[in-house]
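First the structure, in the form of structure tokens, and then the observations on it.
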Amino acid sequence: MWFFMTFSYIMIVLSGIGLTLIGLNHYFDIWAQNHITLDLIVSIIFIAAQTLIMFFFVGTGVNVREYLELHSELGDSLYKQMFAIKRKLYPPTMMVTILFMAMVIMDGVYFIGKASEWWFHILYLLTLYYFFKATIVQHNSFKESTEIVLSMTGTSREEK
């Protein structure tokens, strides 16, 4: 669990750097190779990061449910809390993923001269906004899921 959580944070940081590079490359041509190559490299990292985060919470939810089935004395309130976390996490995570994909596609369409640059500007700003929003929600979700796992197992942060 801790490995995937730490790896998710690393991937989020790399995604943020990549998103910044796409914006800078659009204006300053900092990538010496083909313009679209940078978009594809960052896309792989960005989509992998968001997918990893979603699957982390799917897996954690399954583990919590299975643990609670074996320890019925704990009730189902922890599973309901985990479900509430996913309900908060998935909408901004999916939105930033969809906006990012649309932005990269629009950057390529603009680069080959088939669309106005304003479409890229609009999608880039929306993607930046939702990236920060999703990152905050993801961080809070990681903290809340950690608290659920710790309370489920009967340990506290001080004991670790």
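If you check L68, L99, L78 for being aliphatic (A, V, I, L, M), part of a helix (DSSP H, G or I) and without any contact (Cβ under 8 Å) to a residue 60 or more places away in the chain, only one passes: L99. Against the list (1) more than 21 Å from S8 (Cβ to Cβ); (2) modelled with pLDDT under 90; (3) buried (at least 16 other Cβ atoms within 10 Å of the Cβ), the condition S77 fails is (3).
Out of K80, K133, K143, which single residue is basic (K, R) and either touching a Cys at 6+ places or on another chain (Cβ under 7 Å) or closer than 30 Å to Y27 by Cα (or both)? Spell out the reasoning first.
On the way: K80 fails: either touching a Cys at 6+ places or on another chain (Cβ under 7 Å) or closer than 30 Å to Y27 by Cα (or both); K143 fails: either touching a Cys at 6+ places or on another chain (Cβ under 7 Å) or closer than 30 Å to Y27 by Cα (or both).
Criteria check complete, one pass: K133.
Selection of first residues in segment 141-155 that are over 15 Å from G59 (Cβ atoms) and of second residues that are crowded, with 16+ Cβ neighbours inside 10 Å and among the hydrophobic types (A, V, I, L, M, F, W, C), restricted to Cβ pairs under 7 Å at least 6 apart or on distinct chains, gives the following pairs, ordered by first then second residue: E144/I85; S151/L78.
Among the criteria (1) free of Cβ contacts under 8 Å to residues at least 12 places away in the same chain; (2) under 21 Å from N140 (Cβ atoms), the one K86 does not fulfil is (1).
Consider segment 1-54 and keep the residues that are over 30 Å from L150 (Cα atoms) and hydroxyl-bearing (S, T, Y). The one that is surrounded by the fewest Cβ atoms within 10 Å (Cβ to Cβ) is Y27. When restricted to residues that are farther than 16 Å from H35 by Cα and among the acidic types (D, E), segment 94-111 contains 0.
Can you confirm whether segment 136-155 contains a residue that is modelled with pLDDT under 95, over 17 Å from the mean Cα position of the chain (by Cα), surrounded by fewer than 16 Cβ atoms within 10 Å (Cβ to Cβ) and assigned to a loop (DSSP other than H, G, I, E, B)? Within segment 136-155 (the criterion being modelled with pLDDT under 95, over 17 Å from the mean Cα position of the chain (by Cα), surrounded by fewer than 16 Cβ atoms within 10 Å (Cβ to Cβ) and assigned to a loop (DSSP other than H, G, I, E, B)), the answer is yes, since at least one residue qualifies. Exactly one residue out of F83, F28, F56 is more than 17 Å from M11 (Cβ to Cβ) and in contact with a helix residue (DSSP H, G or I) (Cβ under 9 Å, 6 or more places away or on another chain): that is F83.
The values are calculated or read from the model by the stated rules, or taken from the named source; none is laboratory data. Since the model is a prediction, treat every value here as computed from it, not as a measurement. For neighbour counting, all protein chains shown are included, and Cβ atoms are generated from backbone atoms with ideal geometry for every residue, glycine included.
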